[in-house]
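Accompanying notes for the structure given below.
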Amino acid sequence: MNAVRLTALLALSLAEGLGAGWLAGAEAAPRARERNAWPVFVERKDAAGHLEWWNAAGPFLFKQPTLETEGDVIRGFRPFWVQTVAANGEIRSVWVLYPLFTYSGDADTYRWSLFDLARRTDRKAGAAEPHSPLEPSGEFDLWPFWFSRQTGDPEMSYRALFPIAGTVKNRLSFERLSWMPFPLYVQSEAHGAITTSTPWPFVRVTRGAAHGFALWPLFGWQERPGVSREEFYLWPLGYNNTKQPAPEAPPGTPPGRQVAALPFYARASGPGFVSEDFLWPFFGHTEMTAPKRYHETRYLWPFLVQGRGEERYVNRWGPFYTHSVVKGYDKTWYLWPLFRRAKWTDEGLAQTKTQVLWFLYWSHEQRSPLHPERPAAEIRHIWPFYSGWDNGAGRRQWQVFSPFEVFFPDNEKMRQTWAPFVTLARYDQRAPGDTRISVLWNLITWEKRASEGVTEFHLGPLLNIERHAEGRQVSLAKGLIGLRHGPEGAGWRLFWLDFHPKPANVMAATAP
């Protein structure tokens, strides 16, 4: 990892140095925000002259602000090394050949992972004491063989070597899980019940808050007095489970029951409902009276299902047509999985999601139910060619190609590490009249800022066209030769060697 990081940092420093040296002597007109010496270096500045972002060597080297936190930046040498850095210089995350290696940290803790098989979580030196003993600290796992946690508290610390011997605590849905060696001896503890298996899973004995015995797969039972009793016979073909009503349930509430002799018959019942299946799972029905009324009939499940109720509607003739409404979630299928559309309301917004063949076409639209005339916010993917975003308030983006976004919509690591290599063109409208298009990792760029009356076009270092209030300019080879048009309409004039000299460093002479 140190060698990769050193290579990445040297490459970043080299790119910054080459960019500064090249562009200092070949700067465009003062109004130009972009300086393009592709593929060596491309950078963009804001109206105040502050650097916004830069990239070099196409998609490999880059630096830009993050979208999550103001002042943070993300930079790297894709795909080998990508990192986010806080405004105070603290490294927040590192990705090396993602998902091979990831690192993340905050003010008190850090976590690193090697392909999510070797993982380390601990507190940073000088960090405040944890608020709870359950907060992750001192953990190191090498899946599936080694598990450890050292907190200084013997009750919360453990070491375990699978399958030889060991104990883990508050992991894998258990308060305690021990083996010595697996599967000859396994003991687990959950909610006060201790189950011992010798060997797992064939012979099991439960003691403590629950008690039971099992000779799997022939038969077994486990009971929590006053809570539940579970029995199985020839697992998974037969079972008989009973769950007692909650303490706050009204007097006389019947217990919940589940019984089955599969595949011939299965029945589930409880307060206000009963469900039966015959020749499971093909034929059956459900009757519900509380908390809402609902009736459902199933024929050759899952193909033919008819259901009607107060908050639920199902009309399925699979795979040709399905329409269901469940608690306001309205979903329709045509020729499953050819076409799917779902509508619902969430956080005061009307949502519509449309899919063709799951991911070949995918769109998600949001509208205001109170103001349907307003533009919608939308995300749209046409896999693998196109992805577009529109917030409905003037901010729009699209890119070509886009094979990853539909599968990893919220994965910033994938978006920053791998997506740029296949994104050949990008469009970004920050506001109406403020638009930028880039092709082939900024080899070709076009930008318009209507509020400033500025338009820029760059074809790498070969051709630069600018238009602004002071006039227009066309230059070749970063100002080696070009044409300029003044504001008074005096016509075009030829220029050459239109470079802005770099100020010299003046050193005061000192006497020996």
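The values are calculated or read from the model by the stated rules, or taken from the named source; none is laboratory data. What you see is a predicted model, and the numbers here were worked out from it, not measured in a lab. Every residue, glycine as well, gets a Cβ built from its backbone with ideal geometry; the counts of neighbours run over all protein chains shown. Just the protein is used for accessible areas: all its heavy atoms, side chains included, with ligands, DNA and RNA removed. Shrake-Rupley method; radii C 1.70, N 1.55, O 1.52, S 1.80 Å.
Residues of segment 36-67 being of a type outside the set (A, V, I, L, M, F, W, C), without any contact (Cβ under 8 Å) to a residue 12 or more places away in the chain and open to solvent by 50 Å² or more (accessible area, probe 1.4 Å), which ones?
His50
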* Set Tyr386, Tyr427: member being farther than 30 Å from Leu100 by Cβ and hydroxyl-bearing (Ser, Thr, Tyr) -> Tyr427
* Just name the residue that is farthest from Leu440 (Cα to Cα) out of those in segment 60-107 that are part of a loop (DSSP other than H, G, I, E, B) and in contact with a Lys or Arg (Cβ under 6 Å, 6 or more places away or on another chain). => Ala86
* Asked: Can you tell me which residue in segment 82-95 is surrounded by the most Cβ atoms within 10 Å (Cβ to Cβ), limited to those that are over 19 Å from the mean Cα position of the chain (by Cα) and farther than 16 Å from Arg111 by Cβ?
  -> Val85
* Report whether or not Pro384 is within 23 Å of the chain's Cα centre (by Cα), under 30 Å from Lys343 (Cα atoms) and open to solvent by less than 40 Å² (accessible area, probe 1.4 Å). => yes
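Looking only at residues that are charged (D, E, K, R) and surrounded by 13 or more Cβ atoms within 10 Å (Cβ to Cβ) in segment 316-363, which one is nearest to Glu378 (Cα to Cα)? Walk me through how you get there before you give the answer.
Residues of segment 316-363 charged (D, E, K, R): 316, 327, 330-331, 340-341, 343, 346-347, 353.
Within this subset, residues satisfying the condition of being surrounded by 13 or more Cβ atoms within 10 Å (Cβ to Cβ) are 316, 330-331, 340-341, 343, 353.
Values: Arg316: 29, Asp330: 19, Lys331: 19, Arg340: 17, Arg341: 15, Lys343: 14, Lys353: 10 Å.
Within segment 316-363, the match that is nearest to Glu378 (Cα to Cα) is Lys353.
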* Yes/no for Arg267 being among the basic types (Lys, Arg), in contact with an Asp or Glu (Cβ under 9 Å, 6 or more places away or on another chain) and either without any contact (Cβ under 8 Å) to a residue 12 or more places away in the chain or open to solvent by less than 50 Å² (accessible area, probe 1.4 Å) (or both) -> yes
* **Cross-chain or 6+ apart pairs with Cβ under 6 Å, segment 374-386 first and of a type in the set (Ser, Thr, Tyr), then open to solvent by less than 80 Å² (accessible area, probe 1.4 Å) and part of a strand (DSSP E or B)** => Tyr386/Val400
* Asked: Is there a residue being part of a loop (DSSP other than H, G, I, E, B), among the hydroxyl-bearing types (Ser, Thr, Tyr) and open to solvent by 50 Å² or more (accessible area, probe 1.4 Å) anywhere in segment 364-372?
  -> no
* Examine segment 109-124 for a residue that is under 30 Å from Pro183 (Cβ atoms), open to solvent by less than 80 Å² (accessible area, probe 1.4 Å) and at pLDDT below 90, and state whether such a residue exists. => no
* Asked: So which residues in segment 147-200 are closer than 30 Å to Glu129 by Cα, among the aliphatic types (A, V, I, L, M) and outside any strand (DSSP E or B)?
  -> Met156, Leu172
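If a residue has to be over 22 Å from Phe421 (Cα atoms) and touching a residue at least 24 places away in the same chain (Cβ under 8 Å) to count, how many in segment 83-131 make the cut? Please lay out each step first, then the result.
Going residue by residue through segment 83-131, those that are over 22 Å from Phe421 (Cα atoms) are 85-92, 103-114, 116-131.
Right, trim to touching a residue at least 24 places away in the same chain (Cβ under 8 Å) and you get 109, 111, 116-119.
Qualifying residue count for the region: 6.
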* Structure fact -> Flagged in segment 393-411 as more than 17 Å from Asp428 (Cα to Cα) and of a type in the set (S, T, N, Q), in numbering order, are Asn411
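Out of Thr435, Thr455, report the one residue that is in a strand (DSSP E or B), surrounded by fewer than 17 Cβ atoms within 10 Å (Cβ to Cβ), over 26 Å from the mean Cα position of the chain (by Cα) and without any contact (Cβ under 8 Å) to a residue 40 or more places away in the chain. Outline the logic, then answer.
On the way: Thr435 fails: surrounded by fewer than 17 Cβ atoms within 10 Å (Cβ to Cβ).
Answer to the selection: Thr455.
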* Structure fact -> The lone condition Ile465 fails out of (1) outside any helix (DSSP H, G or I); (2) in contact (Cβ under 8 Å) with a residue 12 or more places away in the chain; (3) surrounded by 15 or more Cβ atoms within 10 Å (Cβ to Cβ) is (2)
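Run down Gln397, Gln416 and say which single residue is buried (at least 18 other Cβ atoms within 10 Å of the Cβ) and outside any loop (DSSP other than H, G, I, E, B).
Values: Gln397 fails: buried (at least 18 other Cβ atoms within 10 Å of the Cβ).
The conditions single out Gln416.
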* Can you run down the residue pairs with Cβ atoms below 6 Å, 6 or more apart or on separate chains, where the first is in segment 207-227 and closer than 22 Å to Pro183 by Cβ and the partner is of a type in the set (Lys, Arg) and surrounded by 14 or more Cβ atoms within 10 Å (Cβ to Cβ)? => Ala210/Arg224; Ala214/Arg204
